[in-house]
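Inspection log for the structure reproduced underneath, given as structure tokens.
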Amino acid sequence: MHSKSHLPTKICPVCNRPFSWRKKWERNWEHVKYCSKKCSKNKNKNQVPG
């Protein structure tokens with residue numbers, strides 16, 4: 001069994017929850033910003049107007 005504790009993590013800027021590296025993000029992990037498609041669609045709703 002593989003331990004997943006060594007996988008890199010990031011914090012989603014929309015929901016502020018940590019998410020871990022996934023195999024499907026292997027090639028573009030440095031460009032991944034959001035934990036899910038839902039958060040990606042809601043990215044503008046949590047921003048404070050400036």
- Item | the chain, helix-only ellipticity at 222 nm - DSSP H runs n ≥ 4, -39,500 (n - 2.57), divided by all residues, nearest 500 | -2000 deg cm²/dmol
- Task: Determine which lysines satisfy two conditions relative to Lys41: a Cα distance under 26 Å, and not lying fewer than 8 residues away in the same chain.
- Result: Lys10, Lys23, Lys24, Lys33
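Can you give me the % of accessible surface on the chain that is carbon or sulfur? Probe 1.4 Å, all protein chains present, nothing else counted. Working shown, then result.
On the way: 2450 of 4780 Å².
Using a 1.4 Å probe with all protein chains present, the chain comes out at 51 percent carbon and sulfur.
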- Under a plain spin-label model, where a point goes 7 Å from the Cα along Cα-to-Cβ, how far apart in nm are Asn16 and Glu30? 2.9 nm
- Please give the direction-averaged projected area of the C-alpha convex hull for the chain, in square nanometres with one decimal. 4.4 nm²
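The values are calculated or read from the model by the stated rules, or taken from the named source; none is laboratory data. Just so it is clear, the structure is predicted and the values come from calculations on it, not from any experiment. All Cβ positions, glycine included, derive from the backbone under ideal geometry; neighbour counts span all protein chains shown. Note: accessible area is taken over every heavy atom of the protein model, side chains too, but ligands, DNA and RNA are not part of it. Shrake-Rupley method; radii C 1.70, N 1.55, O 1.52, S 1.80 Å.
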